[in-house]
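J.: Here it is, the structure, as structure tokens.
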Amino acid sequence: MLIGLTGSFGSGKSTVSEMFRELGATVVSADELVHEFLGSREVKEKIRETFGGGVFRGPELDRKELAKRIFASESLRRRLEQILHPLVYEKIKEFQARNPEKMIIAEIPLLFETGKHKDFDFVILVACPEDLAIKRLEKRGFTRYEALERLRAQIPLEEKMKHADFIVDNSGSVDETKRQVKKIWDKLKGTGGA
């Protein structure tokens with residue numbers, strides 16, 4: 001079974017993914033896959049062709065500079081997504097094909113934005129109010145402006161809620177979130193997941 005887990009920037013997707021992992025889910029992180037791809041020669045070549053040498057320091061990709069540019073320009077962001085998203089989804093599909101008996105949770109920040117949510121058996125949305133997401137992001141070193149810029153680049157939470165099969169409200173205590181995760185996990189297992 002393939003389950004998509006998504007949420008807005010700063011909602012706590014990784015924390016919730018880890019809770020599912022502790023319950024026995026096999027978790028695949030799109031962010032980790034992207035990190036790997038950004039280190040590969042062929043992806044770096046495509047990025048150099050698209051963005052020019054200004055996003056590199058010598059042979060290495062300057063990820064901060066790349067992030068600055070893509071969040072300042074929607075068209076550049078789309079171009080980077082066109083390079084990376086097909087690779088990410090291909091990897092997830094390969095992983096599922098190798099592990100057909102497992103319950104796989106794919107943590108994908110832009111699941112709804114790519115329109116790929118329809119390819120998953122179920123979608124779990126991690127939600128929290130925007131002001132709380134911004135506070136969390138500021139703790140991680142983002143400025144308020146950077147946090148808002150990234151949040152504005154995503155589909156609004158209300159819209160995502162309409163398309164999710166399950167919603168985890170991650171605005172309370174860790175224990176409250178864990179209880180919700182356990183409830184969803186039990187339901188998923190009841191639908192025939194491993």
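The values are calculated or read from the model by the stated rules, or taken from the named source; none is laboratory data. Here the structure is a predicted model, which is why all the values come from computation and not from measurement. Here the Cβ positions follow ideal geometry from the backbone for every residue, glycine too, while neighbour counts run over all protein chains shown.
J.: Taking the condition crowded, with 20+ Cβ neighbours inside 10 Å, closer than 30 Å to residue 177 by Cβ and modelled with pLDDT of 95 or more, does residue 5 pass?
T.: Numbers: crowded, with 20+ Cβ neighbours inside 10 Å: yes; closer than 30 Å to residue 177 by Cβ: yes; modelled with pLDDT of 95 or more: yes.
So residue 5 passes the test.
J.: Still on this structure, please answer the following. Does residue 90 satisfy the condition of being at pLDDT 95 or above and within 23 Å of residue 152 (Cα to Cα)? Quick ask: steps written out before the conclusion?
T.: On the way: at pLDDT 95 or above: yes; within 23 Å of residue 152 (Cα to Cα): no.
It is false that residue 90 is at pLDDT 95 or above and within 23 Å of residue 152 (Cα to Cα).
J.: Let me ask something additional. Report, ordered by the first and then the second residue, all pairs with beta carbons closer than 7 Å, sequence separation of six or more or different chains, a first member in the range 137-151 that is closer than 13 Å to residue 72 by Cα and free of Cβ contacts under 8 Å to residues at least 12 places away in the same chain, and a second member that is outside any helix (DSSP H, G or I) and among the polar types (S, T, N, Q).
T.: No pair meets every condition.
J.: Then there is this: I need the full set of residues from the range 10-45 which are in contact with an Asp or Glu (Cβ under 8 Å, 6 or more places away or on another chain), buried (at least 20 other Cβ atoms within 10 Å of the Cβ) and part of a helix (DSSP H, G or I), in order please.
T.: Answer for the range 10-45, where residues must be in contact with an Asp or Glu (Cβ under 8 Å, 6 or more places away or on another chain), buried (at least 20 other Cβ atoms within 10 Å of the Cβ) and part of a helix (DSSP H, G or I): 13, 17, 30.
J.: For the range 46-87, which residues satisfy the criterion of being closer than 23 Å to residue 111 by Cα and part of a loop (DSSP other than H, G, I, E, B)?
T.: 73
J.: From the set of residues in the range 47-78 that are surrounded by fewer than 13 Cβ atoms within 10 Å (Cβ to Cβ) and small (Gly, Ala, Ser), which is farthest from the chain's Cα centre (by Cα)?
T.: By that ranking, first place goes to 58.
J.: Among the residues of the range 115-152, count how many are of a type outside the set (A, V, I, L, M, F, W, C), buried (at least 17 other Cβ atoms within 10 Å of the Cβ) and under 26 Å from residue 87 (Cα atoms).
T.: Going through the range 115-152 one residue at a time, the tally reaches 3.
J.: Further question on the same structure: Could you list, in sequence order, the residues of the range 105-115 that are within 12 Å of the chain's Cα centre (by Cα) and not polar (S, T, N, Q)?
T.: Result: 105, 106, 107, 108, 109, 110, 111, 112, 113.
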